[in-house]
Amino acid sequence: MKTLLAILLFGFTGNIFAIDACMTGAWYSPEREGEGINLEVGAEKLSGFFYTYYAENPHWFVFEGEDNFMLNLYTGHKISENPFKSLVTKVGTAKVLPVTDNILVFAYELELNYEGKPCINPESRACYGEFVYTRITDPVIPCVAPK
């Protein structure tokens, strides 16, 4: 819903920003204290991490892709303690929609929940999330508004 709102508010005016290196940095929502994302925008790839409370527990996800509308979302699972072994699993997809140089929408949809089981209800908070984030860090390079 927030993605649609962002498109309605900014899309028709031609002000939706493109993903480029100026979007690199940390982003958060004042409404969701302790959660947020960090983006790394390269020449050919967008990657980053997403920290949230998933099923009421703190959880980290990592995302990457070549297209900001189809990012692969991964999480890790500890397999053994000694020796420590972990497994990284693709659990869903994410997308990033820059609205301005200081506001973006981040949305994710999980195919698997944090226990590796299928998400039964994709509409539930545990299987889907969409947040409007504000920039925390200053841009590495200045963002240029679209014409």
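The values are calculated or read from the model by the stated rules, or taken from the named source; none is laboratory data. If you're wondering where the values come from, they're calculated on a predicted model, not measured in any experiment. In this analysis, Cβ positions are derived from the backbone assuming ideal geometry, glycine residues included, and neighbour counts consider all displayed protein chains. Note: areas computed on protein heavy atoms with side chains; ligands, DNA, RNA excluded. Shrake-Rupley method; radii C 1.70, N 1.55, O 1.52, S 1.80 Å.
Couple of notes before you dig in:
- For the range 21-89, the square roots a ≥ b ≥ c of the C-alpha gyration tensor eigenvalues yield an a/c of 1.5 or more together with a/b not exceeding b/c, which makes the shape oblate.
- For Cys119, the accessible surface of its heavy atoms amounts to roughly 20 Å² (probe 1.4 Å, protein chains only, rounded to the nearest 10).
- Nearest-0.05 FRET efficiency for Asp101 and Asn57, computed from C-beta distance (R0 25 Å): 0.15
- Of the whole protein surface, Lys95 contributes about 70 Å² of accessible area at a 1.4 Å probe radius.
- Residue pairs, from the table Lys78/Lys117; Lys45/Lys95; Lys45/Lys90; Lys90/Lys117, whose Cα atoms sit over 19 Å apart: none
- Full-stretch length increase - Phe69, Ser29 - with 0.36 nm per residue and alpha-carbon distance subtracted: 12.4 nm
- A probe of 1.4 angstrom, applied to the heavy atoms of all protein chains, finds Ile136 with accessible area near 100 square angstrom.
- Accessible surface, 1.4 Å probe, highest first, among residues Glu35, Glu44: Glu44, Glu35
- Of the chymotrypsin sites (Phe, Trp or Tyr not before Pro) found in the range 43-94, those in coil by DSSP whose Cβ has at most 10 other Cβ atoms within 10 Å are Phe84.
- Residues in the range 51-113 average 54 Å² of solvent-accessible surface per residue, probe 1.4 Å, ligands and nucleic acids excluded.
- Paramagnetic reach from Ala18 (point 7 Å along Cα→Cβ, amide N under 20 Å) across the range 30-49: 39-47
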